[in-house]
Amino acid sequence: MTPSTSDPFNVEPLNLILYLETGCFLLRTPPGDGIGTGIETDPSEAETTEDKEFIRCRKCGNPVTHPSERISMDGSHAHTFANPGGILYEIGCFRSVVGCGYMGPTTDDFSWFKGYSWKVIYCGKCSDHLGWLFISPVNDPFNGLILDRLTDPE
Ligand SMILES: [Zn+2]
């Protein structure tokens, strides 16, 4: 069969037959042409209801964690510790954080929680130091966040 080069409205014969018999084309979209599945969600609704409930970086407002992530360690959510330089930190324990980065190697030097090593947590937006991630070989990791560097949800 020789393809017609003179006909600019060259229609695939099969599709034309389907159109004539059923009144509609069966559209066979080639892959990768940018046409989506047609399933779209509206993310704005979910975001606005959840947004207010985030605990945020006090400096830049970046969402850091959520009140439901609060946990107790050694019988308490909040702890006050001094670092080797004598600076006092009041930290709260949280199961997980969002929008944060972890910095540096994990170390167990001067760890405030027995059996845990730690690394620094910083804000993913403004890079402020927000706390420490505590890691244990036998227990779940958790995040100790410096409470006066966070805002509470209203
Ligand atoms: Zn920040």
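Points worth noting:
- From GLU90, GLU53, GLU69, residue being under 16 Å from THR151 (Cβ atoms), surrounded by 15 or more Cβ atoms within 10 Å (Cβ to Cβ) and of a type in the set (Asp, Glu): GLU69
- Pick from the range 58-103, criterion away from the ligand (no atom under 16 Å from the Cβ) and among the basic types (Lys, Arg), ranking: nearest to PHE134 (Cα to Cα): ARG95
- Subset of the range 120-137 (residues that are over 18 Å from GLY92 (Cα atoms) and within 8 Å of the ligand (Cβ to nearest atom)): GLY124, LYS125, CYS126, SER127
- Meets criteria (crowded, with 17+ Cβ neighbours inside 10 Å, part of a strand (DSSP E or B), hydroxyl-bearing (Ser, Thr, Tyr) and more than 17 Å from the chain's Cα centre (by Cα)) for TYR122: no
- Taking the criterion of being over 18 Å from the mean Cα position of the chain (by Cα), over 21 Å from ARG70 (Cβ atoms) and either among the charged types (D, E, K, R) or in a strand (DSSP E or B) (or both), the residues of the range 89-113 that qualify are GLY104, PRO105, THR106, THR107, ASP108, ASP109.
We did not get these values from a lab; they are worked out from the coordinates using the rules stated. Nothing here was measured: the structure is a model prediction, and the numbers come from that model. All Cβ positions, even for glycine, are placed from backbone atoms using ideal geometry, and neighbour counts span all protein chains on display.
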